[in-house]
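Here the structure comes first, spelled out in structure tokens, and everything after it is commentary.
The values are calculated or read from the model by the stated rules, or taken from the named source; none is laboratory data. Please read all numbers here as calculations on a predicted model, not as lab measurements. Virtual Cβ from ideal backbone geometry, glycine too; neighbours counted across all protein chains shown. These accessible areas exclude ligands, DNA and RNA; they are computed on the full protein's heavy atoms, side chains included. Shrake-Rupley method; radii C 1.70, N 1.55, O 1.52, S 1.80 Å.
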Amino acid sequence: MKSILAPPYEILIAKHTGMCFGVRQAIEATETLLKKNTATILGQLAHNPTVKSRLVAKGARTAPLEKSQAPTKQVIITAHGAADRDRKRWTNAGYQVTDTTCPLVKVAHAKLAKVVAEGFQPVIIGKEGHVEVRGLQGDFPKARVILHPDDIATIPHVKRIGIISQTTQPIDRVRALVNEVRKQRPEVEVVYFDTVCYPTKDRQTALHELCHAAELVFAIGGKNSNNTAQLARTARKLGCKAYHIEAPNDIKPEWLDGIRKIGVTAGTSTLDESLEAVVLHLQALAKTQKSFTKQLSKAS
Ligand code: SF4
């Protein structure tokens, strides 16, 4: 954990934070492609408006993955992956497909394929409708998606259940749900493959450390970033005040009243510069808070 002294407070930056290698690689591949061709991103490359507008400025277009019409010949599948039928539909429609699926999302597809091949009822721990989960379900339509203990009732009554998870789910929630499945279905053979990706695990572990040290945590990332929202939720569960912010201007100075240790973390689709901008803003706010404190002490 990095510490920056900015009296009257200290800014603590999580040991593991910000953009993961999977999103970074997808952005780099897209930028390389855009140097030569115009290209259409199928869905959102990253749940981050800054990333989106930067790629659009470089000539990227966007279209829904579920359709098969794009304004350019070259189309890009995002780091979250897609079902094979979607890839094939675009290829068969005559488009050149560049696939930037993260290797760790491919692991989740491979593990789900394994449980299906071995005759287990496939179950995904994840968020219904999330693009990665849609891709997994597209490949294995019999898969049930669960996120809460109540959802376990939707799993058919079978003898064998094979569970994997969306790569970005908090590992504590996943393990608790797997245990709950075993508890609710004691007669069933349950196998579980841990497909939560290590950047997600590292960020969650670093968040525990951050919350241990800080009174207030800022989780930086697009408002539509599920994993940034999850970081803020986990921080609150761990007993910190926490705010999900997109940019420095989202910070209300009164949030910092009486706070001495501020934690900063960022989602896996957040640019380094967004985190730096928040830290610089907190340093600038510290100066105004200091002069305000001086004025108060002079007046008293
Ligand atoms: S969050 Fe994990 S699975 Fe998703 S792109 Fe990043 S490294 Fe890959």
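Kirkwood radius for segment 1-151, taken over all pairs of different Cα atoms as the inverse mean of 1/r, rounds to 17.3 Å.
The heavy atoms of C240 present about 10 square angstrom of accessible area, all protein chains included, probe 1.4 Å. Y243 sits with roughly 60 Å² accessible to a 1.4 Å probe, with DNA, RNA and ligands left out of the calculation.
Summarising the amide proton neighbourhood of A266: residues at separation of 5 or more, or on other chains, whose placed amide H is nearer than 5 Å comprise G18, I220.
State whether segment 98-163 is rounded, prolate or oblate according to the following rule on the C-alpha gyration tensor (a ≥ b ≥ c being the square roots of its eigenvalues): a/c under 1.5 gives rounded; otherwise a/b larger than b/c gives prolate, and the remaining case gives oblate. Judged from the Cα gyration tensor, segment 98-163 comes out oblate (a/c at least 1.5, b/c at or above a/b). Projected label points at E187 and H281, each 7 Å from Cα along the beta carbon direction, are separated by 5.7 nanometres.
The alpha carbons of segment 159-300 occupy a box of 74, 31, 20 Å along the principal axes, longest dimension given first.
The aspartates and glutamates whose alpha-carbon is closer than 16 Å to the alpha-carbon of K287, local same-chain residues fewer than 8 away aside, are E10, E254, D257. As a size descriptor, the averaged projected area of the C-alpha convex hull of segment 21-101 was calculated at 4.6 nm². Scalar couplings 3J(HN,Hα) for segment 140-145, obtained by applying the Karplus form with A = 6.51, B = -1.76, C = 1.60 to θ = phi - 60°, are 9, x, 7, 5, 9, 9 Hz; x denotes Gly and Pro.
Using the 1.4 Å probe convention, the accessible area of the chain works out to 48 Å² per residue with neighbouring protein chains retained.
Quick one: of the DSSP bridges fully inside the chain, what percent are antiparallel, nearest 5?
10
Leaving out ligands, DNA and RNA, what percent of the accessible area of segment 21-101 is carbon and sulfur, probe 1.4 Å? In segment 21-101, the share of accessible area belonging to carbon and sulfur is 49 percent. Could you sort out which of K67/K142; K67/K127; K35/K88; K58/K111 sit more than 31 Å apart by Cα distance in this structure? Correct reply: K58/K111. Dividing the Cα radius of gyration of the chain by its Kirkwood radius returns 1.05 for Rg/Rh.
Amide H contacts of A39: R61, each under 5 Å away and 5 or more positions distant or on a separate chain (H built 1.01 Å from N in the peptide plane; Pro and chain starts excluded).
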